[in-house]
Each structure stands twice: as structure tokens, then as C-alpha cells.
Amino acid sequence: MTKPLADRIALVTGASRGIGYATAIALAKAGAHIVATARTQGGLEELDDEIRKHGGGATLVPLNLTDSDGIARLGAGLHERYGKLDILVGNAGVLGPSSPIGHIELKTFTDVMAVNVTANFQLIRCMEPLLRQSDAGRAVFITSGAANKATAYVSPYAASKAALETLARAWAQETANTPLRVNLFNPGPIRTRMRATLMPGEDPATLETPEQVAEFIVPMCAPDWTETGKFYDYKSRSLMSFRSPA
């Protein structure tokens, strides 16, 4: 039986653990060849082993996404090897400090923005030409409810996710008349290391898993997905349009 993502090339950032790891495996099971980036070589190798168990293939790219030149080199490498990119999952992100705004150092703030916003800006710049070479380019960025709730004590993270959402929505509008579809995905509270850092007293057994989330991200990467500029809220299992404030 033909797999729905057979012969498609999928770039997943932050693929060494959590939602990125689970999404990479789910995309591979659906037939995609995974280009996996993360800072940790060991995590990528574990991912490669798991993908191979399911008969899939992966290209491992150890990369700190604050290396803008590295992202550009990755884009050039993908162009040379494949001539296109079908799927981009912008998952990599950092939580940053949990502290009142006035107690946060400027460098700490800019470090969060560098990973959560600037890196995704550079990914868009470098991967859009490749996604446009696909017959059905798909981009999904992982966001957070903190963006619209303006959650206290995680202001760099909340601000960065709000900026990411606006960046993705603007890109969706710019590409609305092309085959490229750009959307956002909010997983909500999920059993990840980031969540455990933020909520150390929470029982992880009460949370859903990255593997459960990944099953809902995969359809947004498929050629038959037609929506763009939308927001999928995993907790409510609903696809939402952005609205102006009342």
C-alpha cells in the first residue's frame, strides 16, 4: 500500500526529543524522508535508529539554529541533493527564564528570541524557494497558548511565540496564491521536558504524549491539506481562524 507521504522530503527542527522527535517518526512512518536537525548528535542518532526500525530513512544535521549561516548552508545542501523541500516543521524552541520581566537580563531575552523567532525567520528565508519547488509545500510551526494569554513570568517565551505566530501568518498571506500552505499548531500541555521544567510539581501521567500530538501534525503536512494561515488547537481538536480583538 502506498504511503501518503512517499517520496516527500520533510525538514523537522528540534527533532532529537519531544514533539519534534515524535513528529519526525510519524512523518517517516507515513513515507517521508526526514531531514532532522537538533543540537545533540546523540538524540539524532537515536531518532535515526527508530526511523530505520520502521523502514524509513533520515538525514541527520547537527545544527544550532542560532547559526544563521548554518541554516543557509542547509538550504543550499537540500537544493543540491533534492532540488526541493515538501515539508517544514518548525518545532525547535526554548522556554527561557521563569521570572518577572524586571529580573530578566537583556541577553537572556535576546537568546530566547534568537531561537524561537529569528531562527524561524531564517528558515523561512532559506527554505521558501525549496518549498515552492514542491507541488504541495507544507509548513507547520509549533506555537503555544502563552502567546495569546500573555502568561506571567514567562514573558520572553510568550512574546517570542506571539512574534512567531505573526511571522507565520504574514508568510501565509504572502504565499496564499501559491501551492504552499503555512499553518500553526498549538499542542497545549504535553508530556515534554520543557513542560516538566515549567511545572515541576505536575504529574506527567496526567498529560498526553508527543506521539499523540504528532498524529495530528502529520495531516497538516500532506498534499491534500488545503488550509493556510490557520491555527490548530490540539486541546480542543479544532482548526481556528485568527480574529481581530473585539
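Summary table
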item	result
Carbon + sulfur, % of accessible area of the chain - ligands and nucleic acids excluded, 1.4 Å	53
Probe 1.4 Å, all protein chains present, accessible-area order of 169, 132, 81, largest first	81, 132, 169
Where 54, 33 fall by accessible area, highest first, once all protein chains stay in place (1.4 Å)	54, 33
Å² per residue, accessible surface of the chain at 1.4 Å	48
Dipole in debye (nearest 20) - the stretch 71-115, about Cα centre, beta carbon charges: Lys, Arg +1; Asp, Glu -1	140
Neighbour cut-off at most 16 other Cβ (10 Å), DSSP loop, trypsin sites (Lys or Arg not before Pro), the stretch 9-55	39
Of the GluC sites (Glu not before Pro) in the stretch 28-131, those whose Cβ has at most 14 other Cβ within 10 Å and which sit in DSSP loop	105
Heavy atoms of residue 203 accessible to a 1.4 Å probe, total area in Å² rounded to 10	80
Gained length - residue 111 relative to residue 67, 0.36 nm times residue gap less alpha-carbon distance	14.6 nm
Neighbourhood charge, 13 Å Cβ-Cβ cut-off, centred on residue 50 and excluding it, Lys, Arg +1 and Asp, Glu -1	-1
Summed residue charge, Cβ within 12 Å of residue 10's Cβ, Lys/Arg positive, Asp/Glu negative	+2
About the Cα centre, charge dipole magnitude for the chain (Lys/Arg +1, Asp/Glu -1 at Cβ), debye	340
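The values are calculated or read from the model by the stated rules, or taken from the named source; none is laboratory data. Please read all numbers here as calculations on a predicted model, not as lab measurements. A quick note on method: Cβ atoms are made from the backbone with ideal geometry, for glycine too, and the neighbour counts reach across all protein chains shown. Keep in mind that these areas ignore ligands, DNA and RNA; they rest on the heavy atoms of the full protein, side chains included. Shrake-Rupley method; radii C 1.70, N 1.55, O 1.52, S 1.80 Å.
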